[in-house]
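Worksheet: the structure to be examined is printed underneath.
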Amino acid sequence: MTEAVGGDRAGTGGALGAAEAAAPAAAEGPVGTHAETHAESYEVQEAEEERGAAAEPAGSDGVAELALKPALEAVLMVVDEPATAEHLAKVLERRPREVSDALRELADAYTVEGRGFELRLVAGGWRFYTRGDYADAVERFVLDGQQARLTQAALETLAVVAYRQPVSRSRVSAVRGVNCDGVMRTLLQRGLLEEAGTEPETGAILYRTTHYFLERMGLRGLDELPELAPFLPEAEAVEGETQEGMPSFDVDEPSPDSQTEH
């Protein structure tokens, strides 16, 4: 009996010893695997970060390294309105003076070479335009025989606003001697005129020319409008006109034909 019990104990002890011997190995296994998993995760993360950095754009440094004049030409080809030298300098990461000099050199080069286009400073910015010498060819291609010019009434109204701005519709009508509501709406729709607040005394809406007007007229600013004196009639001709030929309504009052004048 004793031997049996001892044998059992020995067997049990052997089993326990084997379990104890196996326990450290079992404990070491998960710990070692966990550490290896972390190391692999770090490696994967670093690889992903490297790939992400490689996939990102080179950044603004590449723009600064571009040749200035070709870069300016490329940008100006896609602008929809004149771009200032300051804006172009910011985009291309150059000094404004450097950009201004390059723009003028390009403009001069196009003129010397007799290109069909020119680079002009209009309304405070630079933009490509077709050269006036080739206007007939451009007009035939674009209009294809259709006339898209302003009427005489629209031109006269636009001139009054340009020289008297800001001005109300009633004053424009007084100068022209006819109701100008329809023409003013047309000019507003075409973007040549815009609202410029109200008149303090009467509350009438005032109008002025737009940036688009300067661009279409090829002017840097309103100070480049031609002087009116050469186009005004002589004093004798003005004195000879009868009062019947003058507008019968006050320039400060709305025109009698318009009930919606502001």
For the range 106-126, name all the residues that are surrounded by 14 or more Cβ atoms within 10 Å (Cβ to Cβ) and within 14 Å of Lys69 (Cα to Cα). Leu106, Ala107, Tyr110, Leu119, Trp126
So Thr202, is it without any contact (Cβ under 8 Å) to a residue 60 or more places away in the chain and in a helix (DSSP H, G or I): no
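Filter the range 184-199 down to the residues that are assigned to a loop (DSSP other than H, G, I, E, B) and closer than 16 Å to Arg171 by Cα and list them by number. It would help to see each step written out before you state the result.
Here is the first cut: in the range 184-199, the residues assigned to a loop (DSSP other than H, G, I, E, B) are 190-192, 199.
If the condition is that a residue be assigned to a loop (DSSP other than H, G, I, E, B) and closer than 16 Å to Arg171 by Cα, then Glu199 is the only one that fits.
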Give the residue, chosen from Ala102, Ala74, that is over 20 Å from Leu193 (Cβ atoms), of a type in the set (Gly, Ala, Ser), buried (at least 18 other Cβ atoms within 10 Å of the Cβ) and out of contact with any His (no Cβ under 9 Å at 6 or more places or on another chain). Ala102
Of (1) closer than 30 Å to Arg190 by Cα; (2) touching an Asp or Glu at 6+ places or on another chain (Cβ under 9 Å), Ala89 satisfies all except one. Which? (1)
Can you pull out every residue in the range 194-207 that is out of contact with any Ser or Thr (no Cβ under 6 Å at 6 or more places or on another chain) and closer than 20 Å to Leu225 by Cα? Ala196, Tyr207
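Among the residues in the range 183-200, are any of a type in the set (Asp, Glu) and open to solvent by 60 Å² or more (accessible area, probe 1.4 Å)?
Restricting attention to the range 183-200, the residues satisfying the condition of being of a type in the set (Asp, Glu) are 194-195, 199.
Those still in the list that are open to solvent by 60 Å² or more (accessible area, probe 1.4 Å) too: 194-195.
Yes; the residues of the range 183-200 include at least one that is of a type in the set (Asp, Glu) and open to solvent by 60 Å² or more (accessible area, probe 1.4 Å).
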Single condition Val175 does not satisfy, out of (1) under 18 Å from Met217 (Cβ atoms); (2) aliphatic (A, V, I, L, M); (3) surrounded by 14 or more Cβ atoms within 10 Å (Cβ to Cβ): (1)
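Taking the conditions exactly as written (under 24 Å from Leu219 (Cα atoms), at pLDDT below 90, exposed (fewer than 12 other Cβ atoms within 10 Å of the Cβ) and not hydroxyl-bearing (Ser, Thr, Tyr)), does Ala137 satisfy them or not?
On the way: under 24 Å from Leu219 (Cα atoms): yes; at pLDDT below 90: no; exposed (fewer than 12 other Cβ atoms within 10 Å of the Cβ): yes; not hydroxyl-bearing (Ser, Thr, Tyr): yes.
The answer is no for Ala137.
The values are calculated or read from the model by the stated rules, or taken from the named source; none is laboratory data. This structure is a prediction, so every number in the text was calculated from the model and none was measured. Note that each Cβ is placed from the backbone with ideal geometry, even for glycine, and that neighbours are counted across all protein chains shown. Quick note on the areas: whole protein, heavy atoms, side chains included, nothing else; ligands and nucleic acids left out. Shrake-Rupley method; radii C 1.70, N 1.55, O 1.52, S 1.80 Å.
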